[in-house]
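Single-structure report; data block below.
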Amino acid sequence: MSAIKMDYFADEILRVSAPAKINLHLEILGLRNDGFHELAMVMQSIDLADELDFQKTNDGLISLSCDDSSLSTEKENLVIKAAELLRKISEQKVGASIHLRKRIPIGAGLAGGSADGAAALLGLNYLWGLQLTVSQLEKLSAELGSDVPFCLEGGTQLCFGRGECLEKLNSGDTSIAVLLVKDPRVSVSTPWAYGRSKKLFSSSYLNDEHDFEERRKLLREVTWFKGVPSNQRISIRNDLQRVVAPETQAVQSALEILSEMPGSLAVAMSGSGPSCFALYPDLKSAEAANYQFRRQLKAAGLKSWCCSFRKQGVRFLK
Ligand code: C5P
């Protein structure tokens, strides 16, 4: 990802694409001193993206509008938090008018809010001429949330620590497609999911750095996500699935229906849910499965999307 965009004129609208992610692996290693969980994950950007438009203003105000009225556009929105964070660094009285076109389902375990926060960092860094490098933006972004650093560069990455310690992998096969399903009436709180895991499973968590590092090493050796073999079934681990699925009927139905679909490479929940996905060797087979099972999905109240793996995180569109 480049933090630099060459051809921009002062009054122009700057447009940034903010893609969702899925988890190809989410393993809880243990508890950290800061109260967060120590994680070992593989995250993958997908081609389902929000779009943000930025326009510079000189009134020192930051305003956000959104085409989805269910989303707050106030200070709890990560776009506003990102803007405030960058404005602290800027020495000018800069402002921005931002419009968010929401395509990523909200509260879904797809890092939609984090992607928007990362897009705001990229867009405003450019708009306000701050000239921060990608690695400076990455460091700042960890203050906004555990998934925001990943969303900046995206692609396929190992994510350790809270999720912010990144090791970029050569993106695997981008012809791999995702059939994503979610009940639009249901969302899962991430703090609740981690809290529940702590309550039920903390007695079996690892508790020393040496053991954490052993698990990280093992994950680094797993090769399938560096190039998913198109004919082999893969087992995806998500430790939050075992706490969220038993409590969430929409996740159980999604996993059941996806597991019945023929030809998929893997089926799992993403992040803290409730969105679930099946991987397919290509977009055509994902779309065929989606069509074949449209009645079952509709009867279960599930909305579905077909998209591909994406090699990149947030990026300028114009
Ligand atoms: O960092 P983020 O704001 O996305 O985290 C939301 C919540 O999820 C945290 O407040 C915490 O309860 C939980 N969490 C955690 N361990 C992580 C990441 C998130 O316990 N590594």
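The values are calculated or read from the model by the stated rules, or taken from the named source; none is laboratory data. These figures come from a predicted structure and were not determined experimentally. Calculation scope for accessible area: heavy atoms of the full protein, side chains included, ligands and nucleic acids excluded. Shrake-Rupley method; radii C 1.70, N 1.55, O 1.52, S 1.80 Å.
What to note about this one:
- Most mobile of 292, 241, 55 in a GNM of the chain (Cα contacts under 10 Å): 292
- Take every pair of alpha-carbon atoms less than 8 Å apart whose residues are at least six positions apart; their mean separation over the length of segment 55-194 yields a relative contact order of 22 percent.
- Residue-averaged [θ]222 nm for the chain, counting only DSSP H segments that reach four residues, each worth -39500 (n - 2.57): -9000 deg cm²/dmol
- All-pairs alpha carbon distance profile, the chain, 10 Å steps from 0, percent: 6, 27, 34, 23, 9, 1
- In this structure residue 311 has an accessible area near 110 Å², from a 1.4 Å probe over the protein heavy atoms.
- Solvent-accessible surface of the chain, taken per residue with a 1.4 Å probe and all protein chains present: 44 Å².
- Here the relative contact order of segment 177-308, from alpha carbon pairs under 8 Å that lie six or more residues apart, stands at 43 percent.
- In this structure, the pairs whose alpha-carbon distance is over 32 Å, taken from 81/198; 88/303; 81/217; 198/284, are 88/303; 81/217; 198/284.
- By the rule of a C-alpha distance below 12 Å, with chain neighbours fewer than 8 residues away ignored, the aspartates and glutamates paired with residue 311 are 47, 153, 173.
- Taking every alpha-carbon pair under 8 Å whose residues sit at least 6 apart, the chain reaches a relative contact order of 26 percent.
- Scaled against the 2.2 N^0.38 Å expected of a compact globular protein of N residues, the Cα radius of gyration of segment 177-308 reads 1.15.
- Members of 21/75; 75/199; 93/139 lying beyond 27 Å, as alpha-carbon distances in this model show: 75/199
- Across 178, 243, 222, mean-square fluctuation computed from a Gaussian network of the chain (C-alpha pairs under 10 Å connected) peaks at 222.
- The accessible area of residue 126, taken with all protein chains in place and a 1.4 Å probe, comes to roughly 50 Å².
- Considering only Cα atoms, the convex hull volume of segment 108-219 works out to 163 Å³ per residue.
- Surface calculation, 1.4 Å probe, protein heavy atoms: residue 192 sits at approximately 100 Å² accessible.
- The separation of segment 144-207 from segment 96-120, counted between C-alpha centres, amounts to 16 Å.
- Expressed as a whole percent, the accessible area of the chain that falls on carbon and sulfur atoms is 49 (1.4 Å probe).
- Calculated P(r) of segment 14-171 - Cα pairs past 18 Å, %: 56 percent
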